[in-house]
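Data first, discussion second: the structure below is written as structure tokens.
The values are calculated or read from the model by the stated rules, or taken from the named source; none is laboratory data. These figures come from a predicted structure and were not determined experimentally. Note that we place each Cβ from the backbone using ideal geometry, even for glycine, and neighbour counts take in every protein chain shown.
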Amino acid sequence: MSRVYDGAKGRARWCVIYLYHCFDTIMLTHELLAQILGVRRTSVTEVANTIEAAGAITCSRRVIKIIDLEAVKALSCECYKTMREQMSVS
């Protein structure tokens with residue numbers, strides 16, 4: 001499994017979790033997101049391009065906007081569902 005794949009799943013999951021707790025627009029740089037996810041900035045950019053090409057998000061300078069929540073959920077890994085279920089129980 002490549003780092004880009006891992007980054008894509010982590011990034012999608014992070015965006016969905018953030019959306020449920022805040023807004024559909026995330027204002028941060030690819031560099032900061034890379035630091036949060038523990039990956040290289042170039043990996044975040046590659047993944048952002050992939051997710052954006054899928055029609056799930058739009059990216060501009062320092063802004064990531066979720067435009068298709070269901071697509072983001074589909075791109076996130078299976079641990080998103082587990083985390084969501086655990087948050088519902090708490």
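Of all residues in the range 52-70, those satisfying the criterion of being outside any loop (DSSP other than H, G, I, E, B), modelled with pLDDT of 85 or more and aliphatic (A, V, I, L, M) are ALA53, ILE57, VAL63, ILE64, ILE66.
Modelled with pLDDT of 70 or more and not hydroxyl-bearing (Ser, Thr, Tyr), is that true of LYS9?
It is false that LYS9 is modelled with pLDDT of 70 or more and not hydroxyl-bearing (Ser, Thr, Tyr).
Would you check if CYS77 is surrounded by 11 or more Cβ atoms within 10 Å (Cβ to Cβ) and at pLDDT below 75? Answer is yes for this residue.
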